[in-house]
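Only one structure is covered here, and it is reproduced in the block below.
Derivation of every value follows stated rules applied to the coordinates shown; laboratory data play no part. The structure presented is a predicted model; accordingly, all values stated were derived computationally and were not measured. Glycine also receives a Cβ, built like all others from the backbone with ideal geometry; neighbour counts cover every protein chain displayed.
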Amino acid sequence: MISPSSHLARLLSLPLFLGLASPALAAEIWVTNEKDDTVSVIDIDTLEVIRTIETGERPRGITFSKDFSRVYICASDSDTVQVMDPETGKILHDLPSGEDPEQFVLHPNDRHLYIANEDDAVTTVVDTETRTVAAQINVGIEPEGMAVSPDGKIAITTSETTNMAHWIDTETRKLFANTLVDARPRHAEFTAQGSELWVSSEIGGTITVFNTADQTEKGKITFEVKGVHPDRVQPVGFEFTEDEKTAFVALGPSNHIAVVNAETLAVEDYILVGRRVWHMAFSPDKSLLFTTNGVSGDVTVIDVAKRDAIKSIKVGRFPWGAAMRP
Amino acid sequence: MRFPKFGLILTCLTLFTHGAMAEVSVPVVYLKQTVERPPVLSNLDPIPEDEGDMGAQLGLADNLTTGTFLGHKYSLLTRIVPVGGDLMTAAKEALAESDLIILDAPATDVLAIADLEVAQDAVLFNVSSAQNALRDQGCRANVLHSLPSSLMRTDAIMQFARSRRWDTLALISGEHPDDLSYAHSLRRSATKFGMKLKSEKTWVFDADMRRNAAQEVPLFTQDLGKYDLLLIADEVQDFGRYIAYNTWLPRPVAGSEGLIASAWSPVVEQWGAAQLQSRFTELAGRAMRPKDYAAWAAIRTIGEAVTRTNSADTETLRGYILSDDFELAGFKGRPLSYRQWNGQLRQPIPLTQPRALVALAPLPGYLHQHSELDTLGLDRPESNCEVFQ
């Protein structure tokens, strides 16, 4: 952990040395490498990979507990969700996740994980305290996108082949609505204080915006990247800025991130990033955005204010998910 | 009640669902004419008897799941006609059961069924004949093709060879009608992409090549001259497997062997394909083959059209399937749709070797004013099909 440069730093300045030697002080971005069975940990200050941690097979979804004392990782081909101590990188235990967990979301109660079981057409609700399955809900074929409303009352699963957003009442754990979207929905997020649900459709090339109150369609976002055939403009992951006024949308094999005005639903900018951009995570102050680029095996760092890519960071093979640790 | 608003909506949805259930019921018939296969030199890779049917079964399972959320019902009846059986009677019976038919039969049978009077308002999906004529002057307005044509596959090979600058080609063709028609497609594609087909030979050996390939093939390929890529037209999988590594010149092989262009291969795993492969393997206990993929795509086409139109009316479904709005997520990286001039499903073509995907056609740089996918197969100006207008 102590590099020659930090020896030099120790000679020059004791406070600086302390800063370098205590990784817990700097915020980090954790990236799952789908085909390397590892997590790459990026230091937000130095923009370098400072740790590579082994995981189960085919890690994809990744999220932290509220107090960041645990990190949950979907190890899809190990058919489990791993619970890791982020300080030591040690696996504390596995959770019963159902088969082939791909993506999940942690309920605001910090206790229930809602997991999409891609091969099983099921959403599994796992109690992380008792480590038991609380419920399994039948959904469409190839569930993937997962979201939960800020008040915790609604969970969403999107199914890639059934092409729907399935609305789950978290109290009864039953579906109360199923809404069609364009082909191959991949990701879902609530926004505007929970009054809107956004769902991206990879093959359809759109984001559908729903009114949460009555599940009606409020609008649809389309994308157009200059010089790229519309078929290859495929929205996948997306995240909102702190004020929820702007969304950053990964456009898959078009190798661009779209910057969307969340009020007018108009695309304001396109930012060139690495190849097959998938998911993303913000730095704690949301001034930097880190995107996972599956085919090029790297992470692009975007200056959010300037809307410009400032650096590429090599990680493992096929980086998939990203999560921030302050 | 915690969600008074949702409660109300749930009731409405339930009512709607019950209403829809009564009317949107979609029966489909899978009609298969069993064909006799010619003897081949090796039986290492037997063709599974349920090729095609299992793909349809998977498509049905996918549709059924979606249907449960929308109140749409689907059913699939499989009718298998033995070699020498009465296909026309079976076809008439099938058409009495449904006007959505998945047709797994040779090209002549496809045409005979399409021309039946009772088939005029039906939609038939051809999942087994790659014959170009069915997409050209011999097309029928009631036949859609989810299996790629021979030309789509041979165009894919030529795009790849051209992008590698393997511009000079040689060809060995078998004598089976399927070999001859595939060889014809290879020649036509070579011309289309400006390649030089320098020499051709017909496979005439009748010896058992499992023992003699090493001795015979170098001599047989010696007089092909200088070439970059050796093409093999052996669609019945007779001699092709003995060519690679035995050629006089050290050259790669492509076509029916070596680098193969097809609708689907077990080595396709990108674009979410790993999920489709694992669902299929779980269902069928074997790997997914091109005909399985075509049958899956046909059933999913019907499902997608029913889902989006909320209708089981064949005319409505056909109209939607052939419209600009239709798109099918087919695990090949971009949406699939039907060519409005001949009913062919537009699709990327994987180029594979037995262990891995080599490339996906259309290759980068092959541009088109409407869809790059239309650089493969008969484009609108090339097709002589007029009944779709």
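Here chain B is treated as an ellipsoid with the same Cα gyration tensor; its semi-axes, largest first and in whole Å, are 40, 22, 20. Could you tell me the center-to-center distance, by alpha carbons, between segment B:347-389 and segment A:181-244 in angstrom? Centre-to-centre (Cα) distance: 29 Å. Summing charges over neighbours of B:Ile113, with a neighbour being any other residue whose Cβ is under 10 Å away from its Cβ, gives 0 when K and R count +1 and D and E count -1. Adding -39500 (n - 2.57) for every DSSP H run of four residues or longer, then dividing by how many residues the protein assembly as shown holds, sets the calculated 222 nm ellipticity at -7000 deg cm²/dmol. Distance from the C-alpha centroid of segment B:254-295 to that of segment B:146-204: 22 Å, rounded to the whole angstrom. Taken one residue at a time, the phi angles of segment B:227-237 give Karplus couplings (6.51, -1.76, 1.60, θ = phi - 60°) of 8, 9, 9, 9, 8, 10, 9, 9, 5, 8, 6 Hz. Gly and Pro are set to x. The trypsin sites (Lys or Arg not before Pro) of segment A:130-203 that meet both conditions, a loop assignment by DSSP and at most 14 other Cβ atoms within 10 Å of the site Cβ, are A:Arg131. Projecting the Cα positions of B:Met158, B:Ser256, B:Val204 onto the charge dipole of segment B:151-261 (unit charges on Cβ atoms of Lys, Arg, Asp and Glu, taken about the Cα centre) puts B:Met158 furthest along the positive direction. When both segment A:136-176 and segment A:83-129 are represented by their alpha-carbon centers, they are found 15 Å apart. Extension gain, A:Phe68 to A:Arg131: 0.36 nm times the residue separation minus the Cα-Cα distance gives 20.9 nm. Rounded, prolate or oblate: which one fits the protein assembly as shown, using the alpha carbon gyration tensor with axes a ≥ b ≥ c (rounded when a/c is under 1.5, else prolate when a/b beats b/c, else oblate)? Oblate, because a/c is 1.5 or more while a/b does not exceed b/c.
FRET efficiency for the pair B:Val387 and A:Val228, taken as 1/(1 + (r/R0)^6) with r the Cβ-Cβ distance and R0 = 30 Å, rounds to 0.30. Over all pairs of different C-alpha atoms in segment A:214-326, the reciprocal of the mean inverse distance, the Kirkwood hydrodynamic radius, equals 14.1 Å. When +1 charges are put on Lys and Arg Cβ atoms and -1 charges on Asp and Glu Cβ atoms, the dipole computed for segment B:151-261 relative to its Cα centre reaches about 640 debye. When the chymotrypsin sites (Phe, Trp or Tyr not before Pro) in segment B:199-306 are filtered for DSSP coil states and for at most 16 other beta-carbon atoms within 10 Å of their beta-carbon, the remaining sites are B:Phe205, B:Tyr245, B:Trp248. Of the residues A:Val260, A:Thr206, A:Ala247, the one whose Cα sits farthest towards the positive end of the charge dipole of segment A:203-275 is A:Thr206 (charges of +1 on Lys and Arg Cβ, -1 on Asp and Glu Cβ, taken about the Cα centre).
Note on segment B:151-261: dipole from Cβ charges, positive end direction compared against B:Asn246, B:Ala170, B:Tyr182; the farthest Cα belongs to B:Ala170. Kirkwood Rh over alpha-carbon pairs of chain A, then Stokes-Einstein at 25 °C and 0.890 mPa s: what D in µm² s⁻¹, rounded to an integer? Calculated translational D: 124 µm²/s.
Here the protein assembly as shown is treated with +1 on each Lys and Arg Cβ and -1 on each Asp and Glu Cβ, and its dipole about the Cα centre works out to around 1500 debye.
Here's how it looks for B:Leu144: its modeled amide H is under 5 Å from those of B:Leu124, B:Phe125, B:Asn126, which are all 5 or more places away or on a different chain. Taking a point 7 Å out from the Cα of A:His93 in the direction of its Cβ, the residues of segment A:121-154 whose backbone N falls within less than 15 Å of it are A:126-134. Take the Cα of B:Ala112, step 7 Å along the line toward its Cβ, and report every residue of segment B:62-103 whose backbone nitrogen sits under 18 Å from that point. Inside the label zone: B:79-96, B:102-103.
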